[in-house]
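*Asks:* Take a look at this one; I'll ask things after.
Please treat every number below as a calculation from the coordinates, not as lab data. Remember, predicted model here, so these are calculated numbers, not experimental data. Because the Cβ atoms are built from the backbone with ideal geometry, glycine has one as well, and the counts that use them run over all protein chains shown.
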Amino acid sequence: MDTFVQQLINGLNVGAIYALIALGYTMVYGILRLINFAHGDVYMVGAFAGFYIALYAGFAAGASMVTLSVVLLGAMIIAAIVGMIIERFAYRPVRKYSRMTTLIMAIGVSLLIENLFVAQIGATPRAFPDFLGSQSQAPYRLFGNAAISKAQIVIFLVSIALMLVLQWIVYKTKVGTAMRAVSFNLNSAKLMGINTDAIISLTFAIGSALAAAAGVLTAQYNPNIDPLMGILTGLKAFVAAVLGGIGNIPGAVLGGLLIGAAETFVVGYGHHIGIASTYRDAVAFAILILVLLLRPSGLLGSTVQEKV
Amino acid sequence: MKRTLLALLLISTLCFSFACERRGSGTNATDGGGEIVVGYYGDLTGRTASFGVSTKNGVEMAADEINKAGGILGRRVRVIVEDDQGEPNKAATVVSKLVNQDKVVAVLGEVASSNSLAAAPKAQEARVPMISPSSTNPNVTQVGDYIFRVCFIDPFQGEVMAKFAANNLKAKKAAILYDFNSDYSRGLREFFTRSFTKLGGQIVAEQSYTQGDRDFSGQLTQIRAANPDVIYVPGYYGEVGVISNQSKQLGIRAPLLGGDGWDAEQLWQLGGASLNGNYISNHYSVDDPSPAIKKFVADYQARYQARPDALAALGYDSMRVLADAIKRAGGTDSAKLREAIAQTRSFAGVTGSITIDKDRNAVKPAVVLKLQDQKFVYDTTIYPEGMTPPASSATSPAAGDPSPAATTSPATAAPPPPAKAASPASGSNR
């Protein structure tokens, strides 16, 4: 039982990271009907932004919530700017062309970011400083062997807080109302006097900031960061967004948590049903195929697809 | 018109390839002239870049020392360095380039066994001797008779850790977490299991991961449930640092045991304090007080401002073994050179006395190091079967001091039972 609970905690911990990234995919899709394949790389950029902020500000590893907050906020701001730049210079110029053009542009941007980083700093993994002191601290015991570490608690709390903030922005503010209006119909929204370019830009900024938060948080649990870390994680977050129903914000969170849990349970219990732990990466994509076959609109997605 | 062009093209290609051919055979056949060109390939920018860079440092330092002392047979040594980014297919490509285009007399590399295995056939086909400084998987030298290594092999390395776990740590139950896609890791897992069960131990859990994985909590939770005394993690530093970190966060107290793949400065950045109390088997210890090692460590530090890890030491030794063989072969003729490398006996390397056996592997002792406060602290030496510890002291500067354990070096203050450590080894001799 304690092992099961532990695996659940592990899975939700991974899932929270996927959920934060999936939110960016789903928000951009909701507004532009664009799968922003460069989003996984923005997550990587966020992690590296945090790494370099810590490096140049001289923040050494050591338990300090203040440094973690500074690094987290700094990384989110930098990633938000990067997200807006990508939107402004890569997607906006081709927005008037077919959707396929934008999609190919997204793939191009993704490869460009990855290779720029590899060329600039090399593919060598870097070690993110440990701001929680979790390397030397025993976890908090729940019952039996089940335990939760400081890093895991912080990941849960910060992700929940960020999701609540996002929910508040989207449903309670004027900007959020405008975002929803744009997602219903871009042209009508424009006719209603909404500055759609600004709203789209803001959507990219918010999504990118969430991805950066995921990058910094995950680095507190797994300090190994490299320029290609966004590829697989980004793809899995994309699957999470599709599973939850792409374009649907609560769906992205649910999808992320489910993918994280599924993956961890395959590692933990897969061998009982003949699935080796090395299948963990395959699971997310098997789920993608199943969702597309059985319920293309995702778990929480609306069945009415014809929005445009 | 088109036909003329084609003909011209054909002729020029032929001329070019002929020219290449002549240039190549010139370097190989005419001994005594020009410099000796040696190829080095390794991971300089990939996931295991620490390995490749350290080894390159060692190789280049040895080459410079050789040149300063007048070269080999009066000829200067030049090392051509190629980066394979830690990928097997790229390793094969760069070795092809080294042997076919650069016409090197010998190739040094790789560290990771999977990369050596991919590249070795290229050297073998071209009949250019290849010396791997530190690939420990047994299959590497079985690629062909031109492939050698100057390190011990995994059956021995796995056995060393199994003996250490069973005899020194008194472990009865071991768990294993290995890298599914790595020849190195899979080999060590197999040999550790074999030796540990033979010594009466039991493997209570076995889990795997793949290089690049970011989360190991699922595997570690299953391992924790099996309640092992030790956890064997024969992986590379990038993942191991994180595994150690996450095992701590799950409240696992059993020590992690590893191999030479952990030996990198970056391990400490990733794992930090969570690594304390773990053990690895390795090729040499920086704290070894023998004069040869002390000199090597001091020279290396002066040159690179870093402590030489075992890979740097093996890179250094591989270059010197090669230089010694060229000297004995009287030149760089590939068949004679191959023969000379195979005849290497009791070569005094910094990583111990190197004797190449019939399978083209080096037979050497291994050291066990304890991880403590950002340092690999010497714990004990374990000898292969048939090798008596003091016997080699005359020829090997590494074993020069009767007992490295009895040193005054500050590092040895930590391990409590180092003196008794040699007993499992001497037991295995007879």
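*Asks:* Stretched out fully, how many nm does the piece from B:Lys170 to B:Glu385 gain, at 0.36 nm a residue minus the Cα gap?
*Replies:* 75.3 nm
*Asks:* Here's another thing I want to ask about it. Between B:Glu35 and A:Ala119, what is the FRET efficiency for a Förster distance of 41 Å, r being their Cβ-Cβ separation, to the nearest 0.05?
*Replies:* 0.80
*Asks:* Then there is this: Take every DSSP beta bridge with both residues inside the protein assembly as shown and express the antiparallel ones as a percent of the total, to the nearest 5.
*Replies:* Antiparallel bridges: around 40 percent, rounded to the nearest 5.
*Asks:* Hey, can you grab everything whose amide H is under 5 Å from the amide H of B:Val377? Only 5+ residues off in sequence or another chain; H modelled, so Pro and N-termini drop out.
*Replies:* Excluding prolines and chain starts, which carry no amide H, the hits are B:Lys370, B:Leu371, B:Gln372.
*Asks:* Give the total of Lys-Lys pairs in segment B:268-372 with Cα-Cα distances below 30 Å; include a pair only if its members are 8 or more places apart or on different chains.
*Replies:* Close lysine pairs found across segment B:268-372: 11.
*Asks:* Within 10 Å of each Cβ in A:277-286, how many Cβ atoms from other chains are there, averaged over the peptide?
*Replies:* Across A:277-286, the average partner-chain Cβ count within 10 Å equals 3.
*Asks:* What is the distance in Å between the Cα centres of segment B:284-301 and segment B:323-351?
*Replies:* About 24 Å separates the Cα centre of segment B:284-301 from the one of segment B:323-351.
*Asks:* If you wrap a convex hull around the Cα atoms of the protein assembly as shown, how much volume per residue is inside, in Å³?
*Replies:* For the protein assembly as shown, the hull spanned by Cα atoms encloses 187 Å³ per residue.
*Asks:* Using just the helices of the protein assembly as shown, give the 222 nm mean residue ellipticity in deg cm²/dmol: DSSP H runs with n ≥ 4 each add -39,500 (n - 2.57), and the total is spread over all residues, rounded to 500.
*Replies:* Rounded to the nearest 500, the figure is -17500 deg cm²/dmol.
*Asks:* Under 21 Å from the Cα of B:Lys90, which lysines turn up, not counting those fewer than eight places away in the same chain?
*Replies:* Excluding near neighbours in sequence, the set is B:Lys56, B:Lys103, B:Lys122.
*Asks:* What is the mean number of Cβ atoms from other protein chains located within 10 Å of the Cβ atom of each residue in peptide A:218-224, rounded to a whole number?
*Replies:* Average neighbour count from other chains, rounded to a whole number: 6.
*Asks:* Between A:Gln167 and A:Arg295, what length in nm is gained on full extension when 0.36 nm per residue of separation is reduced by their alpha carbon distance? Each step should come with its number before you reach the end.
*Replies:* Values: separation 128, 0.36 × 128 = 46.08 nm, distance 2.52 nm.
Taking A:Gln167 through A:Arg295 to full extension adds about 43.6 nm, to one decimal.
*Asks:* Report for segment B:31-124 the percent antiparallel among DSSP-assigned beta bridges with both residues inside it, nearest 5.
*Replies:* 10
*Asks:* Next question, about the same structure. Sorted by packing (mean other beta-carbon atoms within 10 Å per residue), highest first, where do A:35-46, A:73-84 land?
*Replies:* Highest to lowest by the protection proxy: A:35-46, A:73-84.
*Asks:* Would you list, by chain and number, the lysines whose Cα falls below 26 Å from the Cα of A:Lys174, excluding same-chain residues fewer than 8 positions away?
*Replies:* A:Lys190, A:Lys307
*Asks:* For labels at B:Glu265 and B:Asp359 in the simple 7 Å Cα→Cβ model, what's the distance in nm?
*Replies:* 3.5
*Asks:* Now, a different point. Rank by packing, highest mean first: peptides A:66-72, B:160-166, with packing defined as the count of other Cβ atoms within 10 Å averaged across residues.
*Replies:* B:160-166, A:66-72
*Asks:* Ok, one more. Which peptide among A:149-161, A:246-258, B:129-141 comes first, and what is the full order, when sorted by highest mean count of other Cβ atoms within 10 Å?
*Replies:* Sorting A:149-161, A:246-258, B:129-141 by mean packing, highest first, produces B:129-141, A:246-258, A:149-161.
*Asks:* While we're looking at this one, here's another question. Check B:Val79: other-chain or 5+ apart residues with amide H under 5 Å from its amide H, H built from backbone geometry?
*Replies:* Residues meeting the amide H criterion: B:Val38.
*Asks:* Checking the cross-link filter: which aspartates and glutamates have an alpha carbon closer than 16 Å to that of B:Lys172, excluding same-chain neighbours under 8 positions apart?
*Replies:* B:Glu159, B:Glu206, B:Asp229
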